[in-house]
Amino acid sequence: MPIDALAPGPLLQLLNLFGIAVFAATGALAAAQRGQTLVTAAFFALITGVGGGTIRDLLIGAPVFWIRDAQTAALCLGAALVTWVTPERWWTHRAFEWFDAVGLAIYAVYGAAKSLSFGVPPVPAAVMGVVTACAGGILRDMLVGEPSILMRPELYVTAAALAAGLYVLLIALGLPTFLCALCAAGAGFLLRAAAIHWKLALPAYRGKR
């Protein structure tokens, strides 16, 4: 399949903006819950919203997306402002988990799709999808001094890996790009949703016996 045909379509790009907004809001909320200023909340929102995509673009040799697109930074700052001016009771942990699950799946698929469109081989492209979806949250947790999302017992990174990996696999099978994105994002979301609801987790390392 020609590389140009692998570029994310308009709908996936729109859904990607939703994912960025969700992640930006989680960053702003992390700052607000610790009594920080609006400026700090905006900084956290930007880092969380664009962190994964920035690392991806630097690694695949693409122009850093939010530097050339003013609406992305504005979206992150807008998410910070909305989070800041609304009551904290609106932003329950449970609600954010579900929004984050949607954003995680979409962002993983978008990262893999963009990587493929820049000629990245399938396996590294899937890895870039995971980086896109998870790196912003890792940076957020580092800034606030919380255990990284990588250390969560329930499935999180695995859901991103499923979404990105399935997208790459379906593309390799020659299926239409939109259908690949829909199926892969849906699978990633369902796995993350199941992990939230039933506290699913992979077996932990138990050491030598």
Is it true that some residue in region 79-96 is open to solvent by less than 20 Å² (accessible area, probe 1.4 Å), under 15 Å from the mean Cα position of the chain (by Cα) and on the phi < 0 side of the Ramachandran plot?
no
Restricting attention to region 9-20, report how many residues are farther than 14 Å from G78 by Cβ and surrounded by fewer than 23 Cβ atoms within 10 Å (Cβ to Cβ).
7
Might you check whether a residue that is surrounded by fewer than 22 Cβ atoms within 10 Å (Cβ to Cβ) and under 26 Å from E154 (Cα atoms) occurs anywhere in region 35-45?
no
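So if I check each of I138, I106, which one is β-branched (V, I, T), at pLDDT 90 or above, under 21 Å from L182 (Cα atoms) and within 17 Å of the chain's Cα centre (by Cα)?
Of the residues listed, the single one that is β-branched (V, I, T), at pLDDT 90 or above, under 21 Å from L182 (Cα atoms) and within 17 Å of the chain's Cα centre (by Cα) is I106.
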Hey, could you check region 60-78 for residues that are part of a helix (DSSP H, G or I) and open to solvent by 40 Å² or more (accessible area, probe 1.4 Å) and say which is nearest to A42 (Cα to Cα)?
L77
Hey, F23 hits all of (1) at pLDDT below 95; (2) open to solvent by 30 Å² or more (accessible area, probe 1.4 Å); (3) in a helix (DSSP H, G or I) but one; which does it fall short on?
(2)
Conditions first: (1) more than 15 Å from the chain's Cα centre (by Cα); (2) assigned to a helix (DSSP H, G or I). G51 passes all but one, so which condition is the exception?
(1)
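Here is a yes/no grid of residues against (1) within 21 Å of I149 (Cβ to Cβ); (2) without any contact (Cβ under 8 Å) to a residue 60 or more places away in the chain; (3) among the β-branched types (V, I, T):
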| site | (1), (2), (3) |
| --- | --- |
| I47 | yes, no, yes |
| Q71 | no, yes, no |
| V82 | no, yes, yes |
| V102 | yes, no, yes |
| A105 | yes, no, no |
Out of (1) touching a Phe, Trp or Tyr at 6+ places or on another chain (Cβ under 7 Å); (2) open to solvent by 10 Å² or more (accessible area, probe 1.4 Å); (3) at pLDDT below 90, the odd one out for I149 is which?
(2)
Among the residues of region 156-195, how many are open to solvent by less than 20 Å² (accessible area, probe 1.4 Å) and under 19 Å from I138 (Cβ atoms)?
8
When you check L139 against the structure, is it open to solvent by 50 Å² or more (accessible area, probe 1.4 Å), under 19 Å from I55 (Cα atoms) and not acidic (D, E), yes or no?
yes
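The values are calculated or read from the model by the stated rules, or taken from the named source; none is laboratory data. Small disclaimer: the values here were computed from a predicted structure and weren't measured. Glycine also receives a Cβ, built like all others from the backbone with ideal geometry; neighbour counts cover every protein chain displayed. Ligands, DNA and RNA are excluded from the accessible area calculation, which covers all protein heavy atoms including side chains. Shrake-Rupley method; radii C 1.70, N 1.55, O 1.52, S 1.80 Å.
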